[in-house]
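Undergrad: Dumping the structure here so I can ask a few things about it.
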Amino acid sequence: MAKLSVDNLLGIKHLKKEDIDLIFTTADHFKEVINRPIKKVPSLRDITIANLFFENSTRTKLSFELAEKRLSADIINFSASQSSVKKGESLIDTVNNILSMKVDIIVMRHPNEGAGDFLSKHIQAKIINAGDGSHEHPTQALLDTYSIREKLGNVEGKKVVIIGDILHSRVALSNIYALQLQGAKVKICGPTTLIPRHITKLGVGYENNIKKALEWCDVANVLRVQHERMDIKYFPSIREYKQLFGINKELLDSINKDIVIMHPGPINRGVELTSDVADSKQSIILNQVENGVAIRMAIIYLLAEQIKRE
């Protein structure tokens, strides 16, 4: 049976195209499972997974939990806000305490870039990065590109524009890596203050006119303005941002083609997308949520298979 070329899922930049193909094929199988009347399989009955969230997250945490339950794994949930981390305990001490409970896989979200990478050098358990700072969010990029493949039949050759707060987003970088690995063309669009300085060196184009960006693309992946990560003012006002980079039905109707609208959530309705766009036929936002469970089931299953072989 085919196996992943990596021992942990730390970031898309560590994956090969064959890894993504394997994850997608496995997710196809699990998508069928989660649409059955009985949505559970006994695949991971002997595997224990710890969800370590050092940052708040509702969607990602719920999606991982559901994926783990669908696979019949044993689950430990850990929230930093209610833990000894508040008392000054180090990351390694926290994790080693959890590992002493015989945990096989750790799903971790952490505010610091590279936290999963650091941890993988010190512990034996498999690690899945559920977001590290403004660095990577590999499972989101996989479910996004899987959703594009499902909607358009293929990712290769498609034109995808990522719109909005690229600077503070871990979704953007992972998406760029995943899209390029699968042969898509990528552009970014947003206020210059929210575009990382050297990002075009990754081989992506930059477009500051939202209408031109939409006319160019097949898919628009719209990101949230992350106010909670902003320590200074990056643009004059929400009103101005909305006028220059928000997508409304009028703008969408002025484009001579049907483009696919995506958003990793949560949406600031009326800012980056109006409700009539978010809820339109062109939007695949709810498909992304459903596909998130199948993709995460696939990744957990493939890493658990490695544990069984070891």
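Any read-out appearing in this document is the output of simple, stated calculations on the displayed coordinates, not a laboratory observation. Only a predicted model underlies this, so the values are computations on that prediction, with no experimental measurement involved. Cβ coordinates were reconstructed from backbone atoms using ideal geometry, including for glycine residues, and neighbour counts include every protein chain displayed.
Undergrad: Once you've got the GNM for the chain with C-alpha springs shorter than 10 Å, pick whichever of 126, 281, 31 has the biggest mean-square fluctuation.
TA: Between 126, 281, 31, it is 281 that shows the largest mean-square fluctuation.
Undergrad: Another question, if that's okay. Return the FRET efficiency for the residue pair residue 40, residue 237: r is the Cβ-Cβ distance, R0 is 51 Å, and the value is rounded to the nearest 0.05. Write down the numbers at each step before the final one.
TA: Numbers: r = 49 Å, r/R0 = 0.95.
Here the calculated transfer efficiency is 0.55.
Undergrad: Using Cα pairs closer than 8 Å and at least 6 residues apart in sequence, work out the relative contact order for the range 138-285, in percent. Each step should come with its number before you reach the end.
TA: Numbers: 248 pairs, mean separation 35.8, N = 148.
That works out to 24 percent.
Undergrad: Okay, next question. With the crude spin-label approximation of a point 7 Å out along Cα→Cβ, what separation in nm comes out for residue 79 versus residue 275?
TA: 2.9 nm
Undergrad: Multiply the residue separation of residue 287 and residue 199 by 0.36 nm, subtract the distance between their alpha-carbon atoms, and state the gained length in nm to one decimal. Could the numbers behind the result be given before it?
TA: On the way: separation 88, 0.36 × 88 = 31.68 nm, distance 2.86 nm.
Separation in residues times 0.36 nm, less the Cα-Cα distance, equals 28.8 nm.
Undergrad: Let me ask something additional. With no solvent and one point on each alpha carbon, what is the Debye value of log10 I(q)/I(0) for the range 138-285 at q = 0.11, 0.12 Å⁻¹?
TA: At q = 0.11, 0.12 Å⁻¹ the computed log10 ratios are -0.36, -0.43.
Undergrad: Let's see if you can work this out: charge +1 on each Lys and Arg Cβ, -1 on each Asp and Glu Cβ, no other charges. What is the dipole magnitude of the chain about its Cα centre, in debye to the nearest 20? Provide the component values of the computation, followed by the final result.
TA: On the way: 42 positive and 37 negative charges, 29 e Å.
For the chain, the charge dipole is close to 140 debye.
Undergrad: Still on this structure: On a 0 to 90 degree scale, rounded to 10, what angle separates helix 170-181 from the longest Cα axis of the chain?
TA: Its long axis makes an angle of about 90 degrees.
Undergrad: Taking the Cβ of residue 206 as the centre, find all other residues whose Cβ is under 12 Å away and add up their charges (Lys, Arg: +1; Asp, Glu: -1). Spell out each step's value before the answer.
TA: Details: positive: 187, 197, 201, 212; negative: 207.
Once positives and negatives cancel, what remains is +3.
Undergrad: Rounded to the nearest 500 deg cm²/dmol, what is the calculated helix-only ellipticity per residue at 222 nm for the chain, with -39500 (n - 2.57) per DSSP H run of length n ≥ 4? If you can, show how the numbers build up before the last one.
TA: Working: 11 runs with 121 residues, N = 310.
Rounded to the nearest 500, the figure is -12000 deg cm²/dmol.
Undergrad: Separate question: How far is it, in nm, from the label point at residue 101 to the one at residue 257 when both lie 7 Å from their Cα along the line to the Cβ?
TA: Distance between label points: 5.0 nm.
Undergrad: Along the Cα→Cβ direction, 7 angstrom out, place labels at residue 154 and residue 72. What is the inter-label distance in nm?
TA: So the label points at residue 154 and residue 72 sit 3.9 nm apart.
Undergrad: Count the DSSP beta bridges whose two residues both fall in the range 73-226, then state the antiparallel fraction as a percent rounded to the nearest 5.
TA: Percentage antiparallel, nearest 5: 5.
Undergrad: Let me ask something else. Which whole number in µm²/s is D for the chain by Stokes-Einstein, with the Kirkwood Rh taken over Cα pairs at 20 °C and 1.002 mPa s?
TA: Values: Rh = 20.0 Å.
My calculation gives 107 µm²/s for D.
Undergrad: Please report, for the Cα atoms of the range 1-72, the Rg to one decimal and the Dmax as a whole number; what are they, in angstrom?
TA: 13.8, 37
Undergrad: Rounding to the nearest 10 and keeping the result within 0 to 90°, find how far the Cα-based axis of helix 59-70 lies from the longest principal axis of the chain.
TA: Computed tilt is about 40 degrees.
Undergrad: Among 137, 263, 122, which one moves the most in a GNM of the chain with springs linking Cα atoms closer than 10 Å?
TA: Fluctuation is largest for 122.
Undergrad: Sketch the reach of a paramagnetic label on residue 249 as a point 7 Å from Cα along Cα-to-Cβ, and name the residues of the range 260-290 whose backbone nitrogen lies under 13 Å away.
TA: Under 13 Å, as judged by backbone N against the label point of residue 249, lie 274-282 of the range 260-290.
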